[in-house]
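Inspection log for the structure reproduced underneath, given as structure tokens.
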Amino acid sequence: MDTTMQHKVLALLLSALLLNAATRSDALGINCRGSSNCAAGRAHALSEINTKVQGLPDANVYPNGQHIACSDNICAFLQNISGTKTAAQIKGYVNQLLAHGCGKCGSVPTEPGNDVGTGQLTVNWIVELIMSPGEDDKVRVHVNKPTETAVN
């Protein structure tokens, strides 16, 4: 093969690799990414959130954006889903993040295909918390019934 042909083949292979990398980042699957503020959170924030989530009644339902469980300013919530998810489903998603090695923040797809763009449970730094009266300031869970207080 002459040098010109080798350069064309190399350029074609490089283009294919770059296109593949761009496609993968667009369809980011389970990951431990989050706000740069996640670094300031507790070392085991996700474990604390998991403890609270595992205590939720399986039948509780959660829509997009509702804070499900928090550890300081790091909270679990759903994004990009259609409808709601149950606490039973959320327990599985949090376990997947822990099994993936996440300690503070991350996202896990809620639908088949490992694409968080089609629905995800996110654990990330949030700007403000809604607290119930008498709730401690360390770990809190927001249940989906407005008349209930958070689980301490």
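Looking at this structure, is LYS104 modelled with pLDDT of 95 or more, among the charged types (D, E, K, R) and under 23 Å from LEU28 (Cα atoms)? When the stated conditions are applied, LYS104 passes them. With in contact with a helix residue (DSSP H, G or I) (Cβ under 6 Å, 6 or more places away or on another chain) and modelled with pLDDT under 90 as the only criterion, which of LEU13, LEU28 stands out? The conditions single out LEU28. Of everything listed in (1) loosely packed, with under 14 Cβ neighbours inside 10 Å; (2) touching a helix residue (DSSP H, G or I) at 6+ places or on another chain (Cβ under 8 Å), the single unmet condition for ASN80 is (1).
Could you tell me how many of the residues in the range 74-100 are over 19 Å from GLY41 (Cβ atoms) and assigned to a loop (DSSP other than H, G, I, E, B)? Here the count works out to 5. The set of residues from the range 73-120 being within 17 Å of TYR62 (Cβ to Cβ) and basic (Lys, Arg) comprises LYS85, LYS91.
Would you mention how many residues in the range 49-70 are more than 21 Å from VAL116 (Cβ to Cβ) and either surrounded by 20 or more Cβ atoms within 10 Å (Cβ to Cβ) or not assigned by TED's automatic domain parsing to the domain that holds VAL127 (or both)? Talk me through it step by step, then tell me what you get.
Here is the first cut: in the range 49-70, the ones more than 21 Å from VAL116 (Cβ to Cβ) are 51-52, 54-60.
Right, trim to either surrounded by 20 or more Cβ atoms within 10 Å (Cβ to Cβ) or not assigned by TED's automatic domain parsing to the domain that holds VAL127 (or both) and you get 52, 56.
Result for the range 49-70: 2.
Might you let me know whether the range 118-136 holds any residue that is in a loop (DSSP other than H, G, I, E, B), at pLDDT 90 or above and in contact with a Cys (Cβ under 6 Å, 6 or more places away or on another chain)? So far as the range 118-136 goes, yes, one or more of its residues are in a loop (DSSP other than H, G, I, E, B), at pLDDT 90 or above and in contact with a Cys (Cβ under 6 Å, 6 or more places away or on another chain). Figure legend. Inter-residue proximity from the range 78-99: first residues on the phi > 0 side of the Ramachandran plot, second residues in a loop (DSSP other than H, G, I, E, B) and surrounded by 15 or more Cβ atoms within 10 Å (Cβ to Cβ), beta-carbon distance below 6 Å, spacing 6+ or different chains. Indicated pairs: ASN80/GLY119.
The values are calculated or read from the model by the stated rules, or taken from the named source; none is laboratory data. Remember, predicted model here, so these are calculated numbers, not experimental data. In this analysis, Cβ positions are derived from the backbone assuming ideal geometry, glycine residues included, and neighbour counts consider all displayed protein chains.
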